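Chemist: Let me begin by handing over the structure; questions about it come next.
The values are calculated or read from the model by the stated rules, or taken from the named source; none is laboratory data. All figures in this text were calculated on a predicted structure; none of them were measured in a lab. Cβ: placed from backbone, ideal geometry, glycine included. Neighbour counts: every protein chain shown. The protein model used for the area step is the full one, side chains on, heavy atoms only, and it has no ligands, DNA or RNA in it. Shrake-Rupley method; radii C 1.70, N 1.55, O 1.52, S 1.80 Å.
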Amino acid sequence: MGQKGRDIVGPDVGDVLSLLNQAVAAEALAAYRYLYLSKWAAGLNSPEIADAFFRTSGEEWQHMSLLMERVIELGGRPLTRPSDWETNSYVKYYEPPKDQSDLKTMLEDSLAVERVAIEFYRDLVRKTEGKDLVTYHLAMQLLADEVKDEEYLEKILQGWK
Ligand SMILES: [Fe+2]
Ligand SMILES: [Fe+2]
């Protein structure tokens, strides 16, 4: 992004970059965790859930891609090390349960992560509204995706015996 594009973001650009990198970290953890769960839960009586974990992993990875692009456009540097992910993420990492058949914990922990994501992107929308319109638009888009993820997980858990 050019000078003007950065200028219109104003003095908050440092804050926005820090928030974007927290999101890069969280999305990387989420993508890894969902991929892990898709394999860990596979072979059980749950091919649809394993498939949903797999698809969601791809979406979270795509979120990370968009966030990294935005960091660079704003003149920042995306986190350079995977070891930064856990320390910078806006949400803690939920380690997959030891018991491979414990789908309920996998789903509940995923729901907890999605809910924190919803709050985080809602706050980013508020912070950038009327100022940094490109980040604002991105945050709205990610917010909408996380809302869908929450809805899916809630629905599955509601039907749980
Ligand atoms: Fe995401
Ligand atoms: Fe999500």
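Chemist: May I ask which of K39/K104; K92/K131; K104/K155 have a Cα-Cα span longer than 18 Å here?
Modeler: Details: K39/K104 15 Å; K92/K131 29 Å; K104/K155 12 Å.
Pairs exceeding the cut-off: K92/K131.
Chemist: Extension gain A42-K98, at 0.36 nm per residue separation less the Cα-Cα distance, in nm? Don't jump to the answer; show the numbers that get you there.
Modeler: Values: separation 56, 0.36 × 56 = 20.16 nm, distance 1.42 nm.
In short, 18.7 nm is gained.
Chemist: Here's a follow-up. Calculated from DSSP H runs of 4 or more alone, at -39500 (n - 2.57) each and per residue, what is the 222 nm mean residue ellipticity of the chain, nearest 500? Mind showing how you got there, number by number?
Modeler: On the way: 6 runs with 118 residues, N = 161.
The per-residue figure over the chain is -25000 deg cm²/dmol.
Chemist: On to the next question. Of the peptides 80-91, 54-65, how do they stack up when ordered by the mean number of other Cβ atoms within 10 Å, highest first? Mind showing how you got there, number by number?
Modeler: Values: 80-91: 14.1, 54-65: 18.2.
The densest-packed peptide leads the list: 54-65, 80-91.
Chemist: Leaving out ligands and nucleic acids, note down the accessible area per residue over the chain with a 1.4 angstrom probe, in whole Å².
Modeler: Details: 8860 Å² over 161 residues.
It amounts to 55 Å² per residue over the chain.
Chemist: I'd like the projected area of the chain, averaged over all directions, using the convex hull of its alpha carbons. Report it in nm² with one decimal.
Modeler: Mean projected area of the Cα convex hull: 9.2 nm².
Chemist: Let me ask you something else. Hey, any idea what % of segment 1-150's accessible area is carbon plus sulfur with a 1.4 Å probe?
Modeler: Values: 4210 of 7900 Å².
Looking at segment 1-150 in its full context, I get 53 percent from C and S.
Chemist: To the nearest 10 degrees, how steep is helix 47-73 against the longest Cα principal axis of the chain, on a 0 to 90 scale?
Modeler: So the helix axis and the longest Cα principal axis differ by about 10 degrees.
Chemist: Would you tell me the accessible area of K155, worked out with a 1.4 angstrom probe on the heavy atoms of the protein chains, in Å² to the nearest 10?
Modeler: Around 130 Å² of this residue is reachable by solvent.
Chemist: Mind checking the angle between helix 13-40 and the chain's longest principal axis? C-alpha axes, 0 to 90 degrees, to the nearest 10.
Modeler: 20 degrees
Chemist: Taking a cut-off of 20 Å between Cα atoms, list the aspartates and glutamates near K148, but don't count ones fewer than 8 places away on the same chain.
Modeler: The reachable aspartates and glutamates, counting only those whose Cα sits under 20 Å from K148, are E27, E48, D51, E59, E60, E108, D109, E114, E119, D123.
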